[in-house]
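To keep things clear, I will list the structure first and then write my remarks on it.
The values are calculated or read from the model by the stated rules, or taken from the named source; none is laboratory data. Note that the structure is a prediction, hence the values are computed from the model and not measured. Neighbour counts run over all protein chains shown; Cβ positions are idealised from the backbone, glycine included.
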Amino acid sequence: METEKNISWFKAVASNLQGYEIKYKFFEQGDFGSLNQVEFNSKLKGGNIDFWSSGWIGIHLVDYAEGIELINLLLEPTEKERINDNLEKLVNLL
């Protein structure tokens with residue numbers, strides 16, 4: 001059984017991240033319902049993940065050293081496979 005990708009999933013992943021400052025934010029009324037947002041930054045890379053209550057997920061990752069965007073996606077709840085694949089890609093890039 002695959003783990004649901006949500007804020008709890010990221011908190012478990014974050015326990016393995018070294019060198020990142022991580023901030024968790026909550027907004028009652030985001031664009032697609034309530035929003036749990038994770039910001040993560042290191043000297044080399046940073047970005048955020050937006051987990052909306054309606055199932056939408058935003059993923060953003062920037063390589064500060066190269067000055068390039070590595071991921072910038074907004075995924076619909078119906079794109080479950082793309083959500084899982086891109087969150088795993090994010091973890092591998094961190």
Task: Residue that is surrounded by the most Cβ atoms within 10 Å (Cβ to Cβ) [pool: residues in the stretch 75-92 that are among the aliphatic types (A, V, I, L, M), in contact (Cβ under 8 Å) with a residue 60 or more places away in the chain and under 15 Å from Val13 (Cα atoms)] - done: Leu87
Task: Top-ranked residue of the stretch 1-58 - restricted to ones that are hydroxyl-bearing (Ser, Thr, Tyr) and assigned to a strand (DSSP E or B), ranked as nearest to Val91 (Cα to Cα) - done: Tyr24
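Every residue, every condition in (1) within 14 Å of the chain's Cα centre (by Cα); (2) modelled with pLDDT of 95 or more, yes or no:
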{"site": "Asn36", "(1), (2)": "yes, no"}
{"site": "Lys45", "(1), (2)": "yes, yes"}
{"site": "Trp52", "(1), (2)": "yes, no"}
{"site": "Gly55", "(1), (2)": "yes, no"}
{"site": "Leu70", "(1), (2)": "yes, yes"}
{"site": "Leu73", "(1), (2)": "yes, yes"}
{"site": "Pro77", "(1), (2)": "no, no"}
- [ ] Would you check if there is a residue in the stretch 4-13 being surrounded by 13 or more Cβ atoms within 10 Å (Cβ to Cβ) and of a type in the set (Ser, Thr, Tyr)?
- [x] no
Task: Gly30 being farther than 21 Å from Ala65 by Cβ and of a type in the set (Gly, Ala, Ser) - done: yes
TODO: Filter the stretch 40-74 for residues that are more than 19 Å from Leu17 (Cα to Cα), hydrophobic (A, V, I, L, M, F, W, C) and loosely packed, with under 13 Cβ neighbours inside 10 Å and give the result.
DONE: Ile68
- [ ] Within the stretch 1-34, track down each residue that is at pLDDT below 90, under 12 Å from the mean Cα position of the chain (by Cα) and among the aliphatic types (A, V, I, L, M).
- [x] Ile7, Val13, Ala14
Task: Close pairs from the stretch 2-31: first aliphatic (A, V, I, L, M), partner in a helix (DSSP H, G or I), Cβ under 8 Å, at least 6 apart - done: Val13/Val91; Ile22/Ala14
